[in-house]
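Written below as structure tokens is the structure these notes are about.
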Amino acid sequence: MTPTLYRAAFMHTPSSPFTDADALHVQEDGGLLVDGGVITASGNFAALRTAHPGAQVNDLRGGVLLPGFIDTHVHYPQVRIIGGLGMPLLDWLERCALPEEARLADHAYARAVAKDFLHGLRCNGTTTALVFGSHFKGAMDVFFEEAAQTGLRTVAGQVVSDRMLRPELHTTPERAYAEGKALIERWHGVGRARYAVTPRFSLSAGEGILDACAALMTEFPDVHFTSHINENVREVQTVRELFPGHLDYLDTYDRAGLLGRRSVLAHSVHTTDRELGQMAAHHCTAAHCPCSNSALGSGLFPLGRHLNAGVHVSLGTDVGGGTGFSMLKEGLQAYFMQQLLGEGGVPLSPAHLLYLSTRAGAEALDLHEQIGDFSVGKAFDAVWLRPPEGSTLEAILGHAESASETLAALYANGTQADVAQVWVGGDEVHARTGFKSSESVQKQPPVLAS
Ligand SMILES: Nc1nc2[nH]cnc2c(=O)[nH]1
Ligand SMILES: [Zn+2]
């Protein structure tokens, strides 16, 4: 097939702005040559055009092209209950989340929810997600089937628990192991799907369930692990009471043998220094979910303490405790919360926000050799942000004087309405009306005027 040369103003962070002052890479009139879904050359458009005269040009000027967003904590069964405000975590679970999760016992209902959920991801420019699944195996088969239809990259797992939720959401260690094994064998590594072993949290998963999870991870060492940790003070206190012989919340996962390079722990708001030290030693990731932490009043994420301890941090929307699928909004809320911490906060630049919503997620999932930025050899996973004509964001971008200003404006103002087109591995997975790649795109000067 003829390679495609994408012409766009693009930005990406091939390294971390937390450790590299020059992490933000910008091409104002850039070119990305894509062959077989993989970026084979990257640089200035004119130079690439000369070097590759036979390539088919896809002109994406008039917007900004970013690597596809990577959401590292989002719940599939909760898409239809986004917006339950005014409750702390445990009340919200009981009143909003769990009744809806019980409805996914019905496969037809689960399929409709999966479609809504996957649509929410892709129309917000999210190309990869670490997905907290359903308690029901059937609803997970349905989810993976639907995800394969969309072309998105998903790392997802059946959620397992054996106490303190609702009886219909409880399983046994034997069933958790058997159903997890069947799902891994059917879906892990098939197309763009991967599997994550997913106990809901230690509050609802006794030692037998955690051991069943560990057995799966021993048998299938390249699967992922995800759960919640230290989100809410009442939750932390209850876990302490349920595991009197353990040092702390992290120790409940650690002693079961669940922590490693591919472990992503969501929230981590009330984490102790001992736990941070152990998370760093195990190379775990903390998935920061700032909109959810705000909506449920869980607390202000201590980003500086995580970074100082050497804990990797990524970003998650935590739909439906969170307030929607937009990783732009999540980045902005992460910025707000560090601002609110005053001197204890980490000042986040636009480059940090881009890194947290793209490359940091790829690192969390150990997929950074394949996705997360626009380096040569990476899959072409991308989101083209192009504000609608007449929008405020269009006016702001037209007057931005630097790449950093443009990026800040995108995070401060961008919404789903600005997502014009989305690709995974070079395949178009979403196009706003009027922006199909088969249709001719209106030619406009680059937003990043030099
Ligand atoms: N935010 C959030 N925290 C949890 N802890 C256990 N389950 C959940 C959930 O569904 N959402
Ligand atoms: Zn969650």
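The values are calculated or read from the model by the stated rules, or taken from the named source; none is laboratory data. Please read these numbers as outputs of a predicted model, since none were measured by experiment. Please note: Cβ atoms are built from the backbone with ideal geometry, for glycine as well, and neighbour counts cover all protein chains shown.
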Could you please find all residues in region 315-332 being surrounded by fewer than 24 Cβ atoms within 10 Å (Cβ to Cβ) and not aliphatic (A, V, I, L, M)? THR323, GLY324, LYS329
So LEU66 clears everything in (1) part of a loop (DSSP other than H, G, I, E, B); (2) away from ligand 1 (no atom under 16 Å from the Cβ) except one condition, right? Which one? (1)
Can you name every one of the strands (runs of 3 or more DSSP E) wholly within region 337-439 that holds 2 or more residues which are within 23 Å of VAL26 (Cβ to Cβ)? 382-385, 419-424
Restricting to region 172-215, name every residue that is more than 16 Å from ligand 1 (Cβ to nearest atom) and not in a helix (DSSP H, G or I). THR172, HIS188, GLY189, VAL190, GLY191, ARG192, ALA193, ARG194, TYR195
If we keep only residues of region 279-328 that are within 16 Å of ligand 2 (Cβ to nearest atom) and polar (S, T, N, Q), then the residue farthest from the chain's Cα centre (by Cα) is SER298
Can GLY245 be described as away from ligand 2 (no atom under 16 Å from the Cβ), in a loop (DSSP other than H, G, I, E, B) and over 27 Å from LEU367 (Cβ atoms)? yes
Give me a count of the residues in region 85-114 that are outside any helix (DSSP H, G or I) and either of a type in the set (A, V, I, L, M) or modelled with pLDDT under 95 (or both). 3
Tell me which residues, restricted to region 42-63, are within 19 Å of PRO14 (Cβ to Cβ), more than 26 Å from the chain's Cα centre (by Cα) and part of a strand (DSSP E or B). GLY43, ASN44
Before we move on, is HIS119 closer than 19 Å to ALA156 by Cα and free of Cβ contacts under 8 Å to residues at least 60 places away in the same chain? yes
Can you work out which of the residues in region 1-43 that are touching a strand residue (DSSP E or B) at 6+ places or on another chain (Cβ under 7 Å) and among the small types (Gly, Ala, Ser) is surrounded by the most Cβ atoms within 10 Å (Cβ to Cβ)? ALA8
Members of region 56-76 found to be over 29 Å from ALA286 (Cα atoms) and in contact with a Gly (Cβ under 9 Å, 6 or more places away or on another chain), listed by number: VAL57
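Results for (1) surrounded by fewer than 24 Cβ atoms within 10 Å (Cβ to Cβ); (2) in the same structural domain as THR317 (by TED's automatic domain parsing); (3) under 20 Å from the mean Cα position of the chain (by Cα), shown as yes or no for each residue.
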site: GLY342; (1), (2), (3): yes, yes, no
site: ALA351; (1), (2), (3): no, yes, yes
site: TYR355; (1), (2), (3): no, yes, yes
site: ARG359; (1), (2), (3): no, yes, yes
site: GLY398; (1), (2), (3): yes, no, no
Can you tell me how many residues in region 216-259 are under 23 Å from the mean Cα position of the chain (by Cα), at negative phi and within 12 Å of ligand 1 (Cβ to nearest atom)? 6
Within region 307-335, restricting attention to residues that are polar (S, T, N, Q) and within 12 Å of ligand 1 (Cβ to nearest atom), which residue is nearest to THR19 (Cα to Cα)? THR317
Quick test for you: out of PHE10, PHE18, pick the one residue that is within 23 Å of ALA360 (Cα to Cα), outside any strand (DSSP E or B), in contact (Cβ under 8 Å) with a residue 60 or more places away in the chain and in the same structural domain as GLY425 (by TED's automatic domain parsing). PHE18
